[in-house]
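The values are calculated or read from the model by the stated rules, or taken from the named source; none is laboratory data. All values derive from a computational prediction rather than experimental measurement. When we count neighbours, we look across all protein chains shown, and the Cβ atoms used for this are built from the backbone with ideal geometry, even at glycine.
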Amino acid sequence: MTVKKIILWRTEVDNEPGALASTIAPPAKAGADLRVVMGYRHPNTEGRAAIEVFPIAGKKLVAAAGAAGLTASAIPTLLVEGDNKPGLGHKIAQAIAAAGINIAFFVAQVIGRKYAAVIGFETEDDAKKAAPMIKKAGKGTRA
């Protein structure tokens, strides 16, 4: 299993048809190979949504992301990837909770036999402390 720090690029948009497509169009046209794309409506703010993507790197992609209104997020975030096994998400969440670390967000999915999660934390220190716990929770899985 691999656990690495990533920077999500984020923007707030009106929650309307085409908002996601128009936001990721400039990075896509600039050659971005996005591994994470999240778009979601704010639960308590009617009409607004957030879009988050990863990776954005290099002058060309940074400029394209900026043209789309995307900026580097300050939310400390880890990308977790490896082989799936039943209960892995629970083991990760349990390990983080046992350390008294609060999760800002946790998005996970399994495709075939592979597990991937994007986990946000309230502080850089929390993310740094959580990384080895996540690796330990995933012991026996391979990236």
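Output the residues belonging to the stretch 107-127 that are surrounded by fewer than 16 Cβ atoms within 10 Å (Cβ to Cβ), in contact with a strand residue (DSSP E or B) (Cβ under 8 Å, 6 or more places away or on another chain) and within 23 Å of S73 (Cβ to Cβ).
Once the filter is applied, which keeps residues that are surrounded by fewer than 16 Cβ atoms within 10 Å (Cβ to Cβ), in contact with a strand residue (DSSP E or B) (Cβ under 8 Å, 6 or more places away or on another chain) and within 23 Å of S73 (Cβ to Cβ), the stretch 107-127 yields V107, A108, Q109, E122.
So which residues in the stretch 49-70 are assigned to a strand (DSSP E or B) and surrounded by fewer than 13 Cβ atoms within 10 Å (Cβ to Cβ), if there are any at all? Working first, answer last.
Start the filter on the stretch 49-70 by keeping residues that are assigned to a strand (DSSP E or B), which leaves 49-54.
Once the filter is applied, which keeps residues that are assigned to a strand (DSSP E or B) and surrounded by fewer than 13 Cβ atoms within 10 Å (Cβ to Cβ), the stretch 49-70 yields nothing.
Give all pairs with beta carbons closer than 6 Å in which a residue from the stretch 99-118 that is of a type in the set (D, E, K, R) meets a residue that is in a strand (DSSP E or B); count only pairs at least 6 apart in sequence or on separate chains.
From the stretch 99-118, the pairs are R113/D83.
Among what's in the stretch 1-26 and is closer than 30 Å to L88 by Cβ, not β-branched (V, I, T) and not in a strand (DSSP E or B), pick the residue that is modelled with the lowest pLDDT. Reasoning before the result, please.
Let us first name the residues in the stretch 1-26 that are closer than 30 Å to L88 by Cβ, namely 1-10, 20, 24.
Adding the requirement that they be not β-branched (V, I, T) leaves 1, 4-5, 8-10, 20.
Next, only the ones that are not in a strand (DSSP E or B) stay: 1, 8, 20.
Numbers: M1: 93, L8: 98, L20: 97.
Here the answer is M1.
Name, by its number, the condition in (1) part of a helix (DSSP H, G or I); (2) modelled with pLDDT under 95 that does not hold for N44.
Just one mismatch for N44, condition (1).
For the stretch 15-27, which positions are more than 18 Å from the chain's Cα centre (by Cα) and closer than 11 Å to G69 by Cβ?
Within the stretch 15-27, A19, S22, P26 meet the criteria.
If you check I134 against the conditions, is it among the β-branched types (V, I, T) and more than 30 Å from V13 (Cα to Cα)? Before you say what the answer is, go through the steps one by one.
Details: among the β-branched types (V, I, T): yes; more than 30 Å from V13 (Cα to Cα): yes.
Judged against the criteria, I134 is a match.
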